[in-house]
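One structure below.
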Amino acid sequence: MLKKQRILFIATGYGDSPVLSGGEVRLFNIVKHLSGKILPDFLTTSGGVSAADNYRISGFFRNIVTVKNRFMGIKESSGFQRLIGYYISAFDAEKKLTAVKYDAIYTSSDCYGDIYPAYKYRLNNQSAKWFCMLHHKYDSPFKRPGFFPVNALLYLLQLHSYKMIAKRADCVFVLETEAGEQIAQTLIKYGYKGQIHYVKNGINKIPAVKTKKDKSMAVYLGGLRPSKGLYDIVPVWKKAWEKNPKLKLTVIGKGSDKDMKYLKDTVEKNGLSGSVTIAGYVDTKNLNTLLSKAYVFFLPSREEGWGISILEALQHGCLPVVYDLPAFKVFKNNVVRIPRFDHGVYAEEMLKAFKSKSNGVNKKFIAKFYWSDIAKNELSIIKMMVGRSDGRKVGGKI
């Protein structure tokens, strides 16, 4: 009889913030849909603990282990502090993993705070398997929006993480996108000889929400940072609003204190306070209601590995208007693509989207992306690689 595998899921990229990235949404849904089939533990930071509580996933883990992320106890408020936090989390996680045994570890991203302890654990536990989920490859820091020194360090850290993955990981999951293929080829270039599986991101099946569409309402949903379009939101929206002052935008998501202040100040400075609502974190029930009511999904993100939020919007019959990123090819003709990174064209196309006739929900397309099917596929891969229990002693709390 096959025994349930003890698997440690690692996600330390949160730092102090409970804001979910697409990678963590994916991780939580995989764990949720594997409930009762594996024995999952979760290693994360204080922000990750809050995120798990907010997502109502905490009860699906056997143990939740918290690692440090603050330097001298100082709360993170900048990208540089978050970068330092990666190192603190990485070394604290390595220490806490010294005395425990797992059948497998599963890292949810290429974050250094995830990869370094996984690499060290795999080095010291030859019988354990290391599964690694990778989402996207950073652009050159010369092209990526944001603070150049931080972007340069993140770029170099990601390459270092890829080298550790190439050397020790047993199985890598990458998305069925150009970015996924790019990552696969990078790992092979670094000498990776393990398994590579191409996978999807998804959504949960939800009951229909009976809400009348508001043809003047748009929703933004995502992390608020430069690479996700922070600096594009106001310039694009203002151009559209000037031609139709009845338009309303609800911005859902959070970022650093600095980035949140920037958005709030920029909205006020441009006279958009009556048109733009910064909602911050919104629970699942209210999110579904807002997406069901909205007519347009506004996501001027400049960097995506997939775009789970786009699937969520499509599920509610909300038309996504996005930059023409390679990752978005998976959505075919279900989204409106804007040439990168033209604010004027974006505003014009968004105005057209508000006037367009809704095509409703493409149920056949959406059905390809349910988390239940995605998790089932990954479980079969994990069980195949971990194999039957060999009777060795595993367990013990951290």
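For the structure I just gave you, tell me whether Gly113 is small (Gly, Ala, Ser), on the phi < 0 side of the Ramachandran plot and surrounded by fewer than 16 Cβ atoms within 10 Å (Cβ to Cβ).
no
For the structure I just gave you, tell me whether Ile7 is touching a residue at least 24 places away in the same chain (Cβ under 8 Å), closer than 30 Å to Ile310 by Cβ and more than 20 Å from the chain's Cα centre (by Cα).
Yes; evaluated as a whole, the condition is true for this residue.
Yes or no, residue by residue, for (1) surrounded by 13 or more Cβ atoms within 10 Å (Cβ to Cβ); (2) modelled with pLDDT of 95 or more; (3) in contact with a helix residue (DSSP H, G or I) (Cβ under 9 Å, 6 or more places away or on another chain):
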residue: Arg337; (1), (2), (3): yes, yes, yes
residue: Phe341; (1), (2), (3): yes, no, yes
residue: Met350; (1), (2), (3): yes, yes, yes
residue: Ala353; (1), (2), (3): yes, yes, no
residue: Lys357; (1), (2), (3): no, no, no
residue: Ile366; (1), (2), (3): yes, no, yes
residue: Lys383; (1), (2), (3): yes, no, no
residue: Gly387; (1), (2), (3): no, no, no
residue: Arg392; (1), (2), (3): no, no, no
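Take the stretch 296-320 and flag every residue that is in contact (Cβ under 8 Å) with a residue 40 or more places away in the chain and either open to solvent by less than 10 Å² (accessible area, probe 1.4 Å) or touching a Cys at 6+ places or on another chain (Cβ under 7 Å) (or both).
Val296, Phe297, Phe298, Leu299, Pro300, Ser301, Gly305, Trp306, Gly307, Leu311, Ala313, Cys318
Scanning the stretch 264-281 for residues that are within 26 Å of Gln315 (Cβ to Cβ) and surrounded by fewer than 19 Cβ atoms within 10 Å (Cβ to Cβ), which turns out modelled with the lowest pLDDT?
Checking each candidate, the answer is Tyr281.
Evaluate the stretch 20-38: report whether one residue or more is closer than 20 Å to Gln158 by Cβ, under 19 Å from the mean Cα position of the chain (by Cα), at pLDDT 95 or above and of a type in the set (S, T, N, Q).
No, the stretch 20-38 has no match at all.
Can Ala184 be described as touching a Gly at 6+ places or on another chain (Cβ under 6 Å) and crowded, with 17+ Cβ neighbours inside 10 Å?
Answer is no for this residue.
What number of residues within the stretch 197-232 are over 25 Å from Arg302 (Cα atoms) and touching a Gly at 6+ places or on another chain (Cβ under 9 Å)?
Total satisfying the criteria: 1.
Taking the stretch 8-24 as the search range and keeping residues that are out of contact with any Lys or Arg (no Cβ under 9 Å at 6 or more places or on another chain) and among the β-branched types (Val, Ile, Thr), which one is surrounded by the fewest Cβ atoms within 10 Å (Cβ to Cβ)?
For the stretch 8-24, the residue satisfying everything is Ile10.
The values are calculated or read from the model by the stated rules, or taken from the named source; none is laboratory data. Please read these numbers as outputs of a predicted model, since none were measured by experiment. Quick reminder, even Gly has a Cβ in these numbers, built from the backbone with ideal geometry, and neighbours come from all protein chains shown. These area figures cover heavy atoms from the full protein model, side chains too; ligands, DNA and RNA do not enter into them. Shrake-Rupley method; radii C 1.70, N 1.55, O 1.52, S 1.80 Å.
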